[in-house]
Amino acid sequence: MAAPRALAAARRAAARGWRGAGGGAGPGPGPGRSRLYEHVREGLSARPQLDVAALSERELERRRGPLRGGDLREIVQTWSRLGEVRASIARLEAEKGRVAQGVRALMAAHDKETAEALPAYAALRARGRQVRLELQALLAEEAALDERFYLKALQLPNRTHPEAPVGDESQARVLEVVGEKPAFDFKPKGHLELGEGLDIIRQRRLSHVSGHRSYYLCGAGALLQHALVRFVLAKLLPKGFLPMTVPDLLRGAVFEGCGMQPNATPSPVYNIDPSRFEDLCLAGTSEVGIAGYFMDHAVRLEDLPIRVVCSSTCYRAETETGREPWGLYRVHQFTKVEMFGVTAAESGAESEALLAEFLALQKEIFSELGLHYRVLDMPTQELGLPAYRKFDIEAWMPGRGKYGEISSASNCTDYQSRRLNIMYGDGDGRLRHAHTVNGTACAVSRMLIALLECNQLPDGRVRVPPALQPLVGQAVLARPPAPLLRYIGPNQPRGGREAPGAGGGDPRGGPHVAPRGRGDT
């Protein structure tokens, strides 16, 4: 065991020398950094087993991402040279062992002075010094090639399902339209206007409290959120899903292993201050935490597929600041129930079957809630890095006057498992890379938009879907007799310092309500 440990130590020393000479990524964020690669180099996880030969240049050109066909050729060439260097290192290590054995044999057959005077001893020592010098150079080259390979190869996307539409989001293929589009004999309101009228959503005057794109749900709004989560869990648990809670804070290496890029500029991921907490990010989906649960572990073939359900708070930076700044469609924090699956890869069809199962469950949930929606087969430029195939579901949102995405389901095949070392034991006892599948069961903020806007009544009340009425305790959400809060802050005439009742009235329509402006976020 001493020789492998010595070689590993030499490789780490060579890697430090290479990076210290300016050949690799520094400690700060940027395009030349991979947190997953750093994680591996520190010995915290197994080295990703990437299958770059499975991806074609044509597939890469059709995907949206940082790399193009020429990059794939360079990655393959680097991997080929890395294999040659490692083969040379193995030969020299074997020769180094033979030289050492020859020296020991001479020392055993002669006394020290006689042995050192022999020409054979001098030749062996000279060859040993030469081997060490050659090994030193090759280990430095191996470190450089290894880093060059992984820093680029980890940015490659998954392969693409042959039936996926080619192009941008405009090429999404409508597979199915479900339910009836609600018809109104009045102009439908948006969810924010409805929610404010019912006093169940607050988004105004929060810039000094929680920043832009934040919101409160209160009263029936909070009950609706809890009802949706309970409804979905009650639907999934009898179907064999394992309930799980996950950390909100996870290492960037796990994000990268899932195919997300916390170092992108701008990044959709919230990075925690690295001067205080090294390499921690807030999860935008529990998919990351669930994948981290299986990271560097193996499961038994007879236990597959494993279905996991998790309700968590999700954090999204929403870098496209100009898009829908008001309302719940694009917010920085929301509750989501996620489905995640781990399957075998014995036939190659297991993950496709689980993807179809997740899609059927999504449709069952949305249909029971009375939504009008359509199922989309997403095109190549909308698959992100990890998805082999992805289906989105968009619900009709009358207040917005268009469909809006409420869920997605993706088959990531072995993309995540090769990066995170998620394995299973096959029938012969060998470890193989599993496949992973994920799907949104309920993104609460988006669901609230569809439910409020589709079930509104002319007077601003909102019907509660029958499936949720036992959980909410109401059949119809009505405007309260009086609002809970009256604004008394500075952003209004006279600074809001009048005594209560001095011309107060309803703050949603009275003189104490400031118009929406810069301080009204």
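The values are calculated or read from the model by the stated rules, or taken from the named source; none is laboratory data. All figures in this text were calculated on a predicted structure; none of them were measured in a lab. Backbone-built Cβ (ideal geometry, glycine too); neighbour counts: all protein chains shown. These accessible areas exclude ligands, DNA and RNA; they are computed on the full protein's heavy atoms, side chains included. Shrake-Rupley method; radii C 1.70, N 1.55, O 1.52, S 1.80 Å.
Values computed for the structure shown
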| read-out | value |
| --- | --- |
| Number of the condition not met by ALA108 [criteria: (1) open to solvent by 30 Å² or more (accessible area, probe 1.4 Å); (2) at pLDDT 95 or above; (3) among the hydrophobic types (A, V, I, L, M, F, W, C)] | (2) |
| When residues of segment 210-268 are limited to those that are of a type in the set (Lys, Arg) and part of a helix (DSSP H, G or I), the one surrounded by the most Cβ atoms within 10 Å (Cβ to Cβ) | LYS235 |
| Members of segment 295-317 that are buried (at least 20 other Cβ atoms within 10 Å of the Cβ), touching a Pro at 6+ places or on another chain (Cβ under 8 Å) and among the small types (Gly, Ala, Ser) | none |
| Test result for PRO188, part of a loop (DSSP other than H, G, I, E, B), open to solvent by 30 Å² or more (accessible area, probe 1.4 Å), more than 25 Å from ALA387 (Cα to Cα) and in contact with a Phe, Trp or Tyr (Cβ under 8 Å, 6 or more places away or on another chain) | no |
| Pairs with Cβ under 7 Å, 6+ apart, first in segment 467-488 and under 30 Å from PHE366 (Cα atoms) and free of Cβ contacts under 8 Å to residues at least 60 places away in the same chain, second outside any strand (DSSP E or B) and among the small types (Gly, Ala, Ser) | GLN469/ALA475 |
| Any chance THR343 is at pLDDT 95 or above and touching a Gly at 6+ places or on another chain (Cβ under 7 Å) | no |
| Helices (runs of 4 or more DSSP H) fully within segment 372-485 counting 3 or more residues that are open to solvent by less than 20 Å² (accessible area, probe 1.4 Å) and of a type outside the set (D, E, K, R) | 415-420, 444-454 |
| Restricting segment 410-438 to residues that are among the hydrophobic types (A, V, I, L, M, F, W, C) and in contact with a helix residue (DSSP H, G or I) (Cβ under 9 Å, 6 or more places away or on another chain), the residue that is nearest to LEU304 (Cα to Cα) | ALA434 |
| The listed residue being without any contact (Cβ under 8 Å) to a residue 24 or more places away in the chain and either among the aromatic types (Phe, Trp, Tyr) or over 30 Å from LEU451 (Cα atoms) (or both), out of ALA120, ALA143, ALA164, ALA183 | ALA120 |
| Residue within segment 272-281 that is within 30 Å of GLN474 (Cα to Cα) and touching a strand residue (DSSP E or B) at 6+ places or on another chain (Cβ under 8 Å) present | no |
| Condition broken by ARG64, with the remaining ones in (1) modelled with pLDDT of 90 or more; (2) out of contact with any Asp or Glu (no Cβ under 9 Å at 6 or more places or on another chain); (3) not in a helix (DSSP H, G or I) satisfied | (2) |
| Residue under evaluation SER351, criteria (1) closer than 22 Å to ILE201 by Cβ; (2) touching a His at 6+ places or on another chain (Cβ under 6 Å), criterion not met | (1) |
| So PRO48, is it within 19 Å of the chain's Cα centre (by Cα), open to solvent by 30 Å² or more (accessible area, probe 1.4 Å) and in contact (Cβ under 8 Å) with a residue 12 or more places away in the chain | no |
| ASP377 being modelled with pLDDT under 95 and not basic (Lys, Arg) | no |
| Test: residue in segment 170-180 that is in contact with an Asp or Glu (Cβ under 6 Å, 6 or more places away or on another chain), touching a residue at least 12 places away in the same chain (Cβ under 8 Å) and surrounded by fewer than 17 Cβ atoms within 10 Å (Cβ to Cβ) | yes |
